[in-house]
Every structure is written in structure tokens, then in C-alpha cells.
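Peer 1: Here it is: the structure, laid out below.
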């Protein structure tokens with residue numbers, strides 16, 4: 001009787017049910033003593049069959065891994081290995097006998113059950129993955145609609161939220177109302193309100209802020225990539241938000257590479273707002289460090305900055321420790337430039353602060369505007385008076401403000417053109433009852449009938465009209481610095497030419513004629529009761545009288561020496577100080593690199 005010796009399970013066949021049956025395909029298989037060997041064709045139609053080269057034996061994959069505990073499988077096909085190749089295909093033994101055994105039949109059923117479960121589990125996983133992918137896609141589509149709405153509101157500078165956003169509110173704010181309006185025709189947006197779970201609608205305030213923040217960061221990164229290696233100008237200015245928080249706005253200007261064309265006129269300058277920097281301290285070092293940190297954060301190369309544009313606040317232009325000086329360490333090519341239009345506005349505002357009555361005059365003009373515009377009654381009355389007097393109603397009163405650089409001249413021009421209507425309306429309203437409106441009208445009437453008010457109106461209208469031409473050019477998007485430099489020189493020359501008795505007398509005669517036509521007593525005198533200190537830089541240029549002291553203006557000589565000449569002298573001092581020869585030279589040099597300038601590539605002007 002032949003004794004079967006149990007051999008260890010070889011390493012070159014399957015080790016567990018997770019492995020597939022090993023079917024070694026060899027050109028020739030080892031032969032035994034009877035010169036018989038395993039045949040590769042035996043694998044055909046026998047999915048359970050495995051062959052080990054190591055033991056030169058065949059095994060049953062099903063019985064080894066899926067046999068039932070109640071039935072004992074044949075050791076020849078499980079642990080020992082079958083290698084009696086002469087009887088392999090014998091009907092009474094070998095493969096056929098093993099396949100017909102109850103142990104193999106049971107193991108085969110177990111294997112098929114296992115495979116079915118595997119396929120079922122795989123299908124479930126695939127189905128779950130498919131559902132998850134569909135949900136992700138739908139969420140992305142919904143989020144795209146929400147982001148599109150947010151971007152629209154942001155671009156149009158429209159408020160997002162309503163005072164009440166609950167279901168009972170008749171107006172839930174622009175953001176929700178626009179989405180609800182769009183949901184009437186867009187099923188996807190409709191599903192946001194109807195199918196979204198409570199925590200996945202993406203409509204909350206926090207989600208809105210987060211999405212806006214993400215979009216703003218994407219825009220900054222795109223601007224940074226557009227900048228690339230281009231040179232740029234940096235503009236920074238302090239401002240305050242509605243909550244009173246002081247912050248620094250950052251803007252850059254450059255010419256993108258894609259717009260660099262061979263023809264001069266195709267250069268397009270791009271200007272981008274990068275954001276606000278909240279400020280806790282306002283010294284030069286803090287401002288400079290904040291700017292450097294902000295630009296580094298958005299990967300904007302500091303060394304590529306060729307121009308630093310700040311206002312004239314003392315912390316910015318300081319020669320020793322101003323912001324532009326500190327930034328020079330990081331931006332060695334950056335040239336500090338103070339906006340020429342802003343310089344010109346400072347000329348006017350500083351002059352108005354020191355010359356007698358001028359600040360009072362603009363206060364009166366502001367009160368006139370407020371009186372006739374803030375009340376519907378007075379506004380209607382003023383418009384009716386304009387119609388009755390045959391005045392053009394399109395010539396309305398104008399508000400002047402410090403930040404609106406041309407608003408002073410437009411406000412004065414509106415007062416002169418509408419003076420008959422202002423005078424009549426104030427007279428009628430002052431006589432209409434004894435309430436607050438009547439009292440205010442009487443107070444304004446008293447001021448506008450004074451000769452000093454009329455004289456100041458015509459003098460300022462003349463001077464500021466000359467400066468307005470220069471201001472309009474300096475604010476123009478197509479500014480030519482060569483023409484700007486010429487206009488500055490021309491304005492200074494015109495003001496000098498007006499500094500004579502004859503020019504004043506021409507204005508004075510117009511004032512007298514104007515007063516006569518409006519039935520105003522021109523002999524009324526003005527007495528200043530406000531004492532104001534005069535800056536040192538103006539004192540040597542003011543003639544005949546000390547500005548701001550208590551004084552009486554009555555004769556033409558008084559107006560000439562204490563109002564007309566001081567205004568001209570102060571403006572000339574400011575113009576020569578803020579537009580020095582160095583500043584004008586710099587303006588001319590900049591024009592040489594501007595293709596549309598008449599000075600383009602003029603080497604002699606650099």
C-alpha cells in the first residue's frame with residue numbers, strides 16, 4: 001500500500017480566497033518516473049484547477065479555500081497535491097472522481113455564493129460611488145449658481161442681505177430675492193430651496209462671506225499672475241469704512257504683456273484694486289511694513305515697483321522717515337509721486353483756510369444748498385421761483401465738498417446763475433410765518449445780501465475758473481504731462497497778470513452792476529469777528545493787512561488789499577511750493593515714456 005506523504009503548501013499557488021487560481025503555463029512540465037507530466041490543456045474548463053511547479057502537483061482551488069466543515073475534502077487536491085498523471089483523466093480516479101465528490105460539489109457551491117456576494121457588494125459600492133458623484137456634481141452646479149449671483153451683486157455694488165430673511169419677510173434681501181426670482185425658470189436653483197438639507201443650502205451669511213473671500217483671493221492671484229515680470233506703479237491711500245475703521249487701500253497699475261503691441265497707441269494701462277489693509281497704528285514704519293507684507297503675501301515682486309503714488313499727508317512724503325523713504329529699501333526703483341490733481345486741490349483748500357471770510361463764504365454756500373434741497377417744501381418753492389423768473393431749471397444748486405476738487409467752482413457758478421431765485425425765495429420764505437424755516441431763511445438772506453458775499457463770489461469765480469481748466473486736465477485719464485506742465489506755468493502767469501488794480505476794478509464794476517440788478521445795497525460793510533492765526537509761509541506775502549484779524553471791509557480798496565491781493569498771493573505761494581521746478585521737471589520726464597505725448601522719446605526732456 002502506497003503511503004502519501006503530506007507536503008507543506010507550496011508558495012507558488014493561491015494562499016487565500018482573495019487570490020485567484022494559479023495556472024502556470026509552461027512550455028514543458030516536469031516528467032515523473034513513468035515519463036508522464038502535467039498538461040496545460042487540463043486547465044481548460046477546469047476553473048478550480050491549480051498547478052505548483054515547486055511540488056509538481058495539482059490542487060483544487062475550491063476545496064482548499066471553500067470546503068465545508070461537515071465534509072472532508074480529498075487530501076490529494078488540498079494539502080498533499082495530486083500528481084498521478086497517468087490516472088489524471090481516468091473516470092474512476094483523478095480529476096473526474098474529484099469533481100464528482102460531495103466535498104468538491106459543496107465547495108463549488110460555496111465558491112459561487114462567495115463570487116455572487118462579491119459582485120453584489122461591488123455593485124453596491126459602485127452604486128454608492130455613483131450616487132455620491134451625482135450629488136457632488138449637483139452641489140457644484142448649485143454652488144456655481146450661488147457664486148454667479150454673489151459675483152453679480154458684488155460687481156454692481158448692491159447690498160446682499162435684508163433686515164429680515166425669514167420666510168415671513170416680504171423682502172429677504174437682494175441675494176435671496178434674486179435666487180427666488182431665478183428659481184421660477186431654473187429648476188436647478190429651485191432645487192436649492194426645495195431639496196437641500198438644512199446644513200447644505202449654501203445660503204447662510206457665513207457661506208456668503210466665505211465665498212466672497214475665496215473669489216477675491218482668486219482675483220488677486222490672477223492679478224499677480226498677470227503682473228508677472230512687468231513693472232508697476234503702487235498707489236496707497238488711507239481711508240475709513242462705515243464703521244470708522246481706519247484702513248489703507250492698495251492699487252497697482254501696469255501694462256500687461258499681452259497688450260504690448262508694436263504700435264504706440266495700443267498700449268493699455270490696467271489698474272487693479274487689491275484690497276484694504278486694516279490699520280491699528282498710523283506711523284510711517286507701520287504703514288511701510290503693512291504694504292510690504294501685503295504685497296509679499298500675494299507674491300507681487302517688490303523690486304518691480306517703479307513708482308510710489310501717495311497723498312501729501314505728513315507721514316507719506318517725509319524726506320527722512322516717510323513711507324516712501326522706508327519703501328525704498330525694498331523698491332529701489334520706486335519714484336515717489338504726489339498726485340498733481342491732489343496737489344492743486346491742496347492749493348485751493350489751504351488758501352481758503354487763511355484768507356479772511358473765504359471759509360465763512362463756503363459755509364454759507366453749503367447752508368444755501370442744504371436749505372433748498374433737504375426739504376421738499378423749500379425745494380419745490382425754489383424750482384417754482386426759477387420758473388417764474390425765467391431761469392433755466394437745469395442750472396441747479398451744487399454741493400461742494402473737500403474731496404470733490406472742482407466742486408467749489410461749480411457751487412459758486414450755480415449760486416451766481418441762480419442768485420435772483422435764491423434771493424426771492426429766501427425773502428418770501430423769511431416772511432412766511434415764524435417757524436424754523438422762516439428763521440433760517442432770514443439768516444441766509446442777511447448773509448447773501450452783504451456786499452462781501454457778492455464780491456467774494458465774483459473774485460473766487462474768476463480765480464477758480466482759471467484753475468478749473470488745469471484741474472480737469474490733471475484728472476483726465478489721457479493726461480499729457482507736457483501739456484500739464486505748460487498749463488501749470490500758464491495758471492501761475494495768469495494769476496500774476498491779475499495782480500493789479502485794473503483787473504480788480506473790472507471785477508468790482510461787475511459786482512456793482514450785479515448788485516444793482518438784484519436791488520442789493522452795495523454799501524453794507526463786513527466786519528470780521530473771527531481771529532485766526534496765519535501760517536508763517538503766508539505772512540510775508542500778505543500786503544497791507546494781517547489776515548484773520550478783526551477788520552472792516554467797506555471800500556473797494558479794502559476788498560483789493562484784504563481779499564483780492566491776499567487770495568492771489570496765497571495761491572501763488574502754494575502753486576510755487578507744490579509745483580516746484582523739480583516737480584515740473586519730473587512731469588516733463590515722465591511724458592517722454594508716454595506714447596501719446598508730444599514729448600514721447602524726447603531724450604533732451606529726460
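Derivation of every value follows stated rules applied to the coordinates shown; laboratory data play no part. Quick caveat: nothing in here was measured; it's all calculated off a predicted structure. Cβ sites come from the backbone with ideal geometry, for glycine too, and all protein chains shown count toward neighbours.
Peer 1: Given a Förster distance of 30 Å, report the FRET efficiency between residue 280 and residue 576 from their Cβ-Cβ distance, rounded to the nearest 0.05.
Peer 2: 0.20
Peer 1: Which order do the peptides 211-224, 43-56 take when ranked by the mean count of other beta-carbon atoms within 10 Å per residue, highest first?
Peer 2: Details: 211-224: 14.1, 43-56: 17.3.
Going from most to least packed, we get 43-56, 211-224.
Peer 1: Whole Å is fine, so just give me how far the alpha carbon centre of segment 35-72 lies from that of segment 83-109.
Peer 2: With segment 35-72 and segment 83-109 each reduced to a Cα centre, they are spaced 10 Å.
Peer 1: Can you give me the distance in nm between label points at residue 15 and residue 486, each placed 7 Å from the Cα along the Cα-to-Cβ direction?
Peer 2: In this crude label model, residue 15 to residue 486 measures out at 9.2 nm.
Peer 1: Something else: Full extension from residue 240 to residue 555: what is 0.36 nm times the residue separation minus their Cα-Cα distance, to one decimal in nm?
Peer 2: That works out to 108.8 nm of additional length.
Peer 1: Can you compute the FRET efficiency between residue 130 and residue 379 using 1/(1 + (r/R0)^6), with r the Cβ-Cβ distance and R0 = 60 Å? Round to the nearest 0.05. Intermediate values should be presented prior to the final figure.
Peer 2: Working: r = 67 Å, r/R0 = 1.12.
Efficiency for this residue pair is about 0.35.
Peer 1: Then there is this: Given 0.36 nm per residue, what is the gain on full extension from residue 122 to residue 159 after removing their alpha carbon distance, in nm?
Peer 2: Extending this stretch completely gives an extra 8.3 nm.
Peer 1: Another question about this same structure. Which of the three applies to segment 1-100, rounded, prolate or oblate, going by the alpha-carbon gyration tensor with a ≥ b ≥ c and a/c under 1.5 meaning rounded?
Peer 2: Here segment 1-100 falls in the rounded category.
Peer 1: Now, a different point. So how do 284-293, 497-506 stack up, highest first, on mean other-Cβ count within 10 Å?
Peer 2: Per-residue Cβ counts within 10 Å, averaged per peptide and sorted highest first, yield 284-293, 497-506.
Peer 1: What does the highest-first list of 331-344, 81-94 look like by mean Cβ count within 10 Å?
Peer 2: 331-344, 81-94
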